[in-house]
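First comes the structure, then the notes that go with it.
The values are calculated or read from the model by the stated rules, or taken from the named source; none is laboratory data. These numbers were taken from a predicted model, which means no experiment stands behind them. Here Cβ is always computed from backbone atoms with ideal geometry, including for glycine, and neighbour counts include all displayed protein chains. The accessibility values were calculated without ligands, DNA or RNA, using every heavy atom of the protein model including side chains. Shrake-Rupley method; radii C 1.70, N 1.55, O 1.52, S 1.80 Å.
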Amino acid sequence: MAHYDDLETRDPAARDKALASALPAALARARTAPALARLLREVDPAQVTDRAALARLPVIRKAELSEAQRKSPPFGGFTTRRVADFDHVFQSPGPIYEPGRRDGDWWRLGRFLHASGVGQGDIVQNCFGYHLTPAGMMFESGARAVDAAVLPAGTGQTELQVRAAVDIGTTCYAGTPDFLKVILDRADEMGERLGFTKAVVGGGALFPSLRQLYADRGIVTRQCYATADLGNIAYESDALEGMIVDEGVIVEIVRPGTGDPVPEGEVGEVLVTTLNPDYPLVRFATGDLSAVLPGTSPCGRTNMRIKGWMGRADQTTKIKGMFVRPEQVAALVSRHPDVARARVIADRQGEMDVMTVQLETAQGDNGIYLASVMDTLKMKGEVQLVPVGSLPNDGKVIEDRRSYD
């Protein structure tokens, strides 16, 4: 398959030279945004021409972004653009507001879809949400960039999803890894055969067993690593040897809680600098763990490769495609004076994420907590009541028991 453009196959020295040219200008633009002007006030953009210089700049964390937006809504001074200058404004849990544009593949998902074999003639059943959060528009923008048609299916309504897939003849699924199985299972129950031959997924871990299950049905599945703030960060190719970093961002792997780069191969936190002039984020801490893979991909793409998502640097965990954060668990406990402590457990049942909420309490009816779990954690889960003092004294409020091998 031809590559998306010549940027993907550049000699690494040419990429470094382009970086040396782009970074000073990008930082100079970034400093026109009030929040970034404060963070970078002691930085001379002209001196930041390589990764070593970039590594000396301060780290921006999501909590800082959220606090800045709370004080100066909606974007917290991280852009010089007015709300009306953008085509969309999205709201992610937090709440955190992200801008977006219709044109120009603003989130850069087209590169990923092209690497996944999606293009003209494909019909993408886009099962990412279109309501408030940006994932639906991110993948629609990517599909437009590769001339694929889109069925804006959104989430849920599996029977209608199956009916539409059959009637329209959709060829590619886009959505979280788990939801495709829900659609396939529903199609089996309805006696329908779907025409999916490709799947492009994100928003959760693609477990090897699930990838194989789809392969057994003739569906080639590829995943990307993208966020609402940064767009596409890295993506798989047919080589299936790690994830290739997107050409529109700079990725660093640092020791969690610091901005210090770790040696190649060591697991650390992912920091991303985006060169997007509309919404520049410099050394933005994703909270995700990964590691750099040595060498270049056998597919011919020469940019850095990372192992992909390897968990969270903090206890924040993604379950069913949604983040669950320690502060949400604290909010759950605060609603019930009888609850001493809580522990959220992420696990797998079959090929689906499941969530169990353990509560230390003398109460005997778990039904009184179900509404609070839904309100605070934003999803349903099994509630287990355990004796006060029985949960491990290890500081954990979120435990991920899923295997990523």
Next on the checklist: Taking the conditions exactly as written (at pLDDT 95 or above, more than 30 Å from residue 322 (Cα to Cα), buried (at least 18 other Cβ atoms within 10 Å of the Cβ) and among the charged types (D, E, K, R)), does residue 98 satisfy them or not?
Outcome noted: no
Checklist entry - Could we say that residue 391 is in contact with an Asp or Glu (Cβ under 6 Å, 6 or more places away or on another chain) and not in a strand (DSSP E or B) here? => result yes
Checklist outcome for this item: Of those in segment 172-222 that are open to solvent by 30 Å² or more (accessible area, probe 1.4 Å) and among the β-branched types (Val, Ile, Thr), the residue farthest from residue 243 (Cα to Cα) is 182
Next on the checklist: Quick check on my filter: what residues within segment 202-226 are part of a loop (DSSP other than H, G, I, E, B) and either among the aromatic types (Phe, Trp, Tyr) or over 21 Å from residue 92 (Cβ atoms) (or both)?
Outcome noted: 206, 207, 217, 218, 219
Checklist outcome for this item: Within segment 48-70, the count of residues that are closer than 20 Å to residue 228 by Cβ and open to solvent by 40 Å² or more (accessible area, probe 1.4 Å) comes to 6
Next on the checklist: If I ask for residues that are in a loop (DSSP other than H, G, I, E, B) and open to solvent by 20 Å² or more (accessible area, probe 1.4 Å), which ones from segment 249-261 would you list?
Outcome noted: 255, 256, 257, 258, 260
Item to check | Residue that is nearest to residue 31 (Cα to Cα) [pool: residues in segment 81-90 that are part of a loop (DSSP other than H, G, I, E, B) and open to solvent by 70 Å² or more (accessible area, probe 1.4 Å)] | outcome: 81
Next on the checklist: Can you confirm whether residue 93 is farther than 18 Å from residue 286 by Cβ, touching a residue at least 12 places away in the same chain (Cβ under 8 Å) and open to solvent by 30 Å² or more (accessible area, probe 1.4 Å)?
Outcome noted: no
Checklist entry - So residue 358 fits all but one of (1) touching a Leu at 6+ places or on another chain (Cβ under 8 Å); (2) closer than 25 Å to residue 185 by Cα; what number is the exception? => result (2)
Item to check | helices (runs of 4 or more DSSP H) contained in segment 1-70 and holding at least 1 residues over 25 Å from the mean Cα position of the chain (by Cα) and among the polar types (S, T, N, Q) | outcome: 12-30
Item to check | Residue count, segment 357-388 (criterion: surrounded by 12 or more Cβ atoms within 10 Å (Cβ to Cβ) and either aromatic (Phe, Trp, Tyr) or not in a loop (DSSP other than H, G, I, E, B) (or both)) | outcome: 19
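For (1) at pLDDT 95 or above; (2) more than 16 Å from the chain's Cα centre (by Cα); (3) not charged (D, E, K, R), each residue gets a yes or a no:
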site: 93; (1), (2), (3): no, no, yes
site: 115; (1), (2), (3): yes, yes, yes
site: 125; (1), (2), (3): yes, yes, yes
site: 129; (1), (2), (3): no, no, yes
site: 138; (1), (2), (3): yes, no, yes
site: 146; (1), (2), (3): yes, yes, yes
site: 152; (1), (2), (3): yes, yes, yes
site: 160; (1), (2), (3): yes, yes, yes
Item to check | Residue in segment 115-156 that is surrounded by the fewest Cβ atoms within 10 Å (Cβ to Cβ), counting only those that are over 19 Å from residue 204 (Cα atoms) and charged (D, E, K, R) | outcome: 147
Checklist entry - If residue 344 satisfies every condition in (1) among the hydrophobic types (A, V, I, L, M, F, W, C); (2) out of contact with any helix residue (DSSP H, G or I) (no Cβ under 6 Å at 6 or more places or on another chain); (3) within 30 Å of residue 252 (Cβ to Cβ) but one, which is the exception? => result (2)
Checklist entry - Is it fair to say residue 109 is surrounded by fewer than 23 Cβ atoms within 10 Å (Cβ to Cβ) and either under 28 Å from residue 96 (Cβ atoms) or under 23 Å from the mean Cα position of the chain (by Cα) (or both)? => result no
